[in-house]
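Peer 1: Sending over a structure as structure tokens; questions will come in a sec.
Since every read-out is calculated from the coordinates, none of them should be taken as a lab result. None of the values given here were measured: they were computed from a predicted structure. Cβ coordinates were reconstructed from backbone atoms using ideal geometry, including for glycine residues, and neighbour counts include every protein chain displayed.
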Amino acid sequence: MNKARGNVPIRAIARFKKAIRSHYLRHGRNLPWRNTKNPYRILVSEIMLQQTQVSRVLRTYHRFIKRFPNFQSLARASPRSILLSWRGLGYNRRALGLKKLSGIVAGRFRGRLPHDPRVLEKLPGIGPGTAGAIAAFAFNIPAPFIETNIRRTFIHFFFPHQRKVRDEEIFPLISRTMDRRNPREWYSALMDYGAMLGRSGVNPNRKSALHRTQPRFSGSTRELRGKIVALLLKSRSMRKEKIAALLDESPGKISLALAELAHEGFLTRQKKNIMIRTSQHANA
């Protein structure tokens, strides 16, 4: 069904909505961030879910929320304490970005998260997709947005024989099928259907114009950075030479990774000892 998207028959739209709702009624996931309307908790979940599987987020979400229950507590926290609660999620840069974002919300917005996606997009770590998701899930605003599972769902139904499907072709269908009275639940249903497709081995996202093969993680700088952070969370401080020896990496490669982490606000030095920042301030 790869007609111009505005010409998709009304009956096809109705069948699509029925299939999505039917699946959700029978197989909708009970996720903790769906059982709250608290904007802070929903924002934390959305940041955690960026490029991270739901199962991994579930192992961390409650611990993190209990340790940092609001924007003010997260804004005041040290990078070390935040990273300790973030362990297991990876992409540690998101944790410091979330701290910086919390400081902005606690200060400029007096602890109240903006509901306008255009304002949300200007906050650290929030792109168009995350801004739309927060608007929908925290404030029930029918803001069109797209993410992996939503993209998978729409390509599966409306682009079965097309290759290089652009998001610009999908957005009109997202708007046209939107449940404007309850976008929060509708988006949950779309995501759950896409997740089901992914688990079944069907990956319509291969037809997306944005589809790329994931770069190899093993041996990457990102893996090395994660290992360094993990070491320094276990030990209060460590010299560069010991880090290199424990990770069996060249001093040059370790030095480069350490410089990056220090520049981004993760690390500080006391003479030759390297440690995770324990002060509130970080260059996230």
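Peer 1: Using Cα atoms only, what is the angle between the long axis of helix 128-139 and the major principal axis of the chain, expressed in degrees (0 to 90) to the nearest 10?
Peer 2: Taking the Cα atoms of the chain, the angle to 128-139 is about 80 degrees.
Peer 1: Before anything else, pin down the relative contact order of the chain: Cα pairs under 8 Å, at least 6 apart, normalised by residue count, whole percent.
Peer 2: 21 percent
Peer 1: Pairs Lys234/Lys271; Lys122/Lys253; Lys18/Lys164; Lys227/Lys253: which are spaced more than 22 Å apart, C-alpha to C-alpha?
Peer 2: Long pairs (Cα-Cα over 22 Å): Lys122/Lys253; Lys18/Lys164.
Peer 1: Now a separate question. How tilted is helix 183-199 with respect to the longest principal axis of the chain? Cα atoms for both, answer in degrees (0 to 90, nearest 10).
Peer 2: 80 degrees
Peer 1: Give me the one-decimal nm value for the distance between modelled label points at Leu84 and Lys227, 7 Å along each residue's Cα-to-Cβ direction.
Peer 2: It works out to 2.5 nm between the two label points.
Peer 1: Apply the Karplus parameterisation 6.51 cos²θ - 1.76 cosθ + 1.60, with θ equal to phi minus 60°, to every residue of segment 27-35 and state each ³J(HN,Hα) to the nearest whole Hz, in sequence, with x for glycine and proline.
Peer 2: 10, x, 7, 9, 10, x, 6, 8, 9
Peer 1: Counting residues in segment 221-276 as N, plug N into 2.2 N^0.38 Å and put the Cα Rg over that result.
Peer 2: 0.96
Peer 1: Using alpha carbon coordinates only, what is the Rg to Rh ratio of segment 32-139, with Rh defined as the Kirkwood radius?
Peer 2: 0.92
Peer 1: State the Cα centre-to-centre distance between segment 86-102 and segment 1-63 in whole Å.
Peer 2: 22 Å
Peer 1: Quick one: grab the alpha carbon gyration tensor of segment 150-257, order the square roots of its eigenvalues as a ≥ b ≥ c, and give me rounded if a/c is under 1.5, else prolate or oblate depending on whether a/b is larger than b/c.
Peer 2: Verdict is prolate for segment 150-257.
Peer 1: Against the longest alpha carbon principal axis of the chain, how many degrees, from 0 to 90 and to the nearest 10, is the axis of helix 221-234 turned?
Peer 2: For helix 221-234, the angle is close to 60 degrees.
Peer 1: Fully extended, how many nm does the chain gain between Arg269 and Arg76 (0.36 nm per residue separation, minus their Cα-Cα distance)?
Peer 2: Separation in residues times 0.36 nm, less the Cα-Cα distance, equals 67.4 nm.
Peer 1: Along the principal axes of its C-alpha atoms, what lengths does the chain span, in descending order and rounded to whole Å?
Peer 2: Each principal axis gives a Cα extent; for the chain these are 70, 42, 31 Å.
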